[in-house]
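Here's the structure we're looking at; comments come further down.
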Amino acid sequence: YPDADRGCVNERCAVRANTFVYLLDREGFYRFNGSPDDSIGDGVADYADTKILWERSKWFFAVWHPVDSIVRFFVCLDGSFYPRHALAYSEQTGEWWEETYPWEIASATMIPCPIARKLLCGSSYERIMVMDSAGDTGGGPGVTGASLPSSGRYSVTDATAWSVTVSGADWID
């Protein structure tokens, strides 16, 4: 980040949330808002030092979920090609926890929905998943694992810029 004294692993490992930009570099996790950088990674310092597989950093990314004020840094902690883990930070409490997903998560973005914004995750085998608020993923402070809803295969019958109509759910456990 231009005005910070630290760097960033890649352009996807910086995410704006409220008045801060949250970033990940090889020293760990920090946030920045124009003043000197503010390290927030004390609770997960061992991850930056020994657990994160930095050779996969090309695929790391960060997202902010404004509904529950959580910043997630998707990183590789095992031999997976894309991240299967997220280190989640609560802006409200300052707590960290690790989330583990059943599939690799290659990308994520916030999408507008009628009532609240949702986090849309892209995974392997053309899986697209919606991560709801903390309770719906199984994740949250103190939780070491998370799971996403069962996948399904649908046929798109209609689509606009703001909606998709699907039919023919073929559920796979």
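The values are calculated or read from the model by the stated rules, or taken from the named source; none is laboratory data. Note that this is a predicted model, so its numbers are computed, not measured. Note that we place each Cβ from the backbone using ideal geometry, even for glycine, and neighbour counts take in every protein chain shown. The accessibility values were calculated without ligands, DNA or RNA, using every heavy atom of the protein model including side chains. Shrake-Rupley method; radii C 1.70, N 1.55, O 1.52, S 1.80 Å.
Values computed for the structure shown
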{"item": "Cut-off under 5 Å, modelled amide H: who pairs with Val9 long-range", "result": "Leu24, Asp25"}
{"item": "Low-density loop positions, GluC sites (Glu not before Pro), region 76-127 - DSSP coil, at most 16 other Cβ in 10 Å", "result": "Glu95, Glu126"}
{"item": "J(HN,Hα) series, region 77-85, from Karplus relation 6.51 cos²θ - 1.76 cosθ + 1.60, nearest Hz, glycine and proline x", "result": "10, 10, x, 5, 6, 9, x, 10, 10"}
{"item": "Solvent-accessible ranking of Ile52, Ile128, Ile111, largest area first, probe 1.4 Å", "result": "Ile128, Ile111, Ile52"}
{"item": "Region 1-73 - percent relative contact order, Cα under 8 Å, separation 6 or more", "result": "29"}
{"item": "Under Karplus coefficients 6.51, -1.76 and 1.60, residue-wise ³J(HN,Hα) of region 42-52 in Hz, glycine/proline x", "result": "4, x, 10, 4, 5, 5, 5, 6, 10, 9, 6"}
{"item": "Protein accessible area in region 32-89, 1.4 Å probe - carbon and sulfur %", "result": "50"}
{"item": "Label-point gap, in nm, between Thr19 and Asp158 - each point 7 angstrom along Cα→Cβ", "result": "4.5"}
{"item": "Distance-filtered residues of region 40-75 - backbone nitrogen under 19 Å, label point 7 angstrom along Ser124 Cα→Cβ", "result": "53-61, 74-75"}
